[in-house]
Structure formats: C-alpha cells, structure tokens
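> Following this message is one structure expressed as structure tokens.
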Amino acid sequence: MIRLTNLADYGIVLMSHIAKNSKELHSAVCLAGETGIPAPTVSKILGALSRDGLLTSHRGLKGGFCLSRETREITIADIIEAVDGPIALTNCIEDTPGDCCYESLCVMKPHWQVINDAVRKGLAGITLDEISAPGPFPFGGEEEQRQAKSS
C-alpha cells in the first residue's frame, strides 16, 4: 500500500479549507480549530507551504495566510512536494545511495523513475480547485459526472 504522510494529508486538508474561503486571511490558530489539526502541526505545514510559494503570509494583528495563486493553478503534487519533498515511491530512485543492500544489483532501479513520474503526473493532474469544489466529485468528463449524479 502506498500512503501519503500525515503531514502531506494535513497539507491537502488545510489548502482545501483555505481554498473554500479564499477571500479571507487564515491564522494557524483558527485553521487548527476549524480542521481539528493540532496548532503546532498547522504552523509547521503553513510554513512549508509558504516557503514553497503556495501561500502568502501576512504579518500583523489581522494577519494570516492566503493562497498565492488561483486554485486551478495549484495541484495536489505541488502541495505534497511542498510538505514532503519530491514524490518518490522508493529511496533508490534518487541520485544518492539508498539504504538498500541490493541497490547495486537491482535491475528495477533504472525503471523506478518512470513509475515515479507516472504517479507524479497523476497527482499533478488534480487541482486544488477540483478537490475544494462542493460535491459531487468533479473528476471525469460530463458523462461521468452525470452518471455519478444519477447513482
């Protein structure tokens, strides 16, 4: 099973929440209360998202965070990479030596980047706009959406 880290999951939850109220500034304390994610974790994630240019930080008494781009310009891959770093299914696809004792003999190592790129492409095809929209889930063409509504 492939799983996101909790931080990446929380990053997506926070970005979706901010996107739904994109005209407002959001403080870490308010976001923690509204999402149920612990405040220190929210602060850590907001910092990472801000450093990566997905959020803009506004200081001051009425400060907070807001999206730095339109929701249709931010992908799930962007959020995951801001929080966790590059999307990688295994350690051996990076240019540095991994911790696998079979790495030097592995016939799959050259192929993992192809697999990794496919996963990243899939996540990059889903925008914050799509996951922040009220149901039904907006993926697929019009026919798929009509079928989902009639189910």
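> Filter region 98-151 for residues that are of a type in the set (G, A, S) and modelled with pLDDT under 80; which is farthest from S16 (Cα to Cα)?
First pass over region 98-151, keeping only residues of a type in the set (G, A, S): 98, 104, 118, 122, 124-125, 132-133, 135, 140-141, 148, 150-151.
Those left that are additionally modelled with pLDDT under 80: 98, 104, 135, 140-141, 148, 150-151.
Numbers: G98: 34, S104: 42, G135: 13, G140: 19, G141: 22, A148: 22, S150: 26, S151: 26 Å.
This residue is S104.
> Could you grab me the full set of residues in region 1-55 that are touching a strand residue (DSSP E or B) at 6+ places or on another chain (Cβ under 7 Å), part of a helix (DSSP H, G or I) and buried (at least 18 other Cβ atoms within 10 Å of the Cβ)?
Across region 1-55, the qualifying residues are I18, A19, L46, L49.
> For E94, are the conditions met, namely being modelled with pLDDT under 80, within 26 Å of S50 (Cα to Cα) and among the charged types (D, E, K, R)?
Working: modelled with pLDDT under 80: yes; within 26 Å of S50 (Cα to Cα): yes; among the charged types (D, E, K, R): yes.
The answer is yes for E94.
For every residue, the table says whether it meets (1) in contact with a Phe, Trp or Tyr (Cβ under 8 Å, 6 or more places away or on another chain); (2) at pLDDT below 95.
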position: I2; (1), (2): no, yes
position: A8; (1), (2): no, no
position: I18; (1), (2): yes, no
position: K23; (1), (2): no, yes
position: A32; (1), (2): no, no
position: A39; (1), (2): no, no
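> Follow-up. Looking at region 58-72, can you tell me whether even one residue there is hydroxyl-bearing (S, T, Y), under 18 Å from L4 (Cα atoms), touching a Ser or Thr at 6+ places or on another chain (Cβ under 7 Å) and buried (at least 17 other Cβ atoms within 10 Å of the Cβ)?
Residues of region 58-72 hydroxyl-bearing (S, T, Y): 68, 71.
If we keep only those that are under 18 Å from L4 (Cα atoms) too, we end up with none.
Taking every residue of region 58-72 in turn, none turns out to be hydroxyl-bearing (S, T, Y), under 18 Å from L4 (Cα atoms), touching a Ser or Thr at 6+ places or on another chain (Cβ under 7 Å) and buried (at least 17 other Cβ atoms within 10 Å of the Cβ).
> Check off (1) touching a Leu at 6+ places or on another chain (Cβ under 7 Å); (2) within 24 Å of A133 (Cβ to Cβ) for W112 and give me the number that stays unchecked.
All conditions are met except number (2).
> From the list N6, N21, pick out the single residue that is within 21 Å of R120 (Cβ to Cβ) and without any contact (Cβ under 8 Å) to a residue 60 or more places away in the chain. Can you show your working first?
Values: N21 fails: within 21 Å of R120 (Cβ to Cβ).
It is N6.
> Give the residue, chosen from A77, A82, A39, A48, that is in contact (Cβ under 8 Å) with a residue 60 or more places away in the chain, closer than 30 Å to P134 by Cα and of a type outside the set (V, I, T).
Details: A77 fails: in contact (Cβ under 8 Å) with a residue 60 or more places away in the chain; A39 fails: in contact (Cβ under 8 Å) with a residue 60 or more places away in the chain; A48 fails: in contact (Cβ under 8 Å) with a residue 60 or more places away in the chain.
Of A77, A82, A39, A48, the one residue that is in contact (Cβ under 8 Å) with a residue 60 or more places away in the chain, closer than 30 Å to P134 by Cα and of a type outside the set (V, I, T) is A82.
The values are calculated or read from the model by the stated rules, or taken from the named source; none is laboratory data. Keep in mind it's a predicted model, so treat the numbers as computed, not measured. Note: ideal-geometry Cβ built from the backbone for every residue, glycine included; neighbour counts use all protein chains shown.
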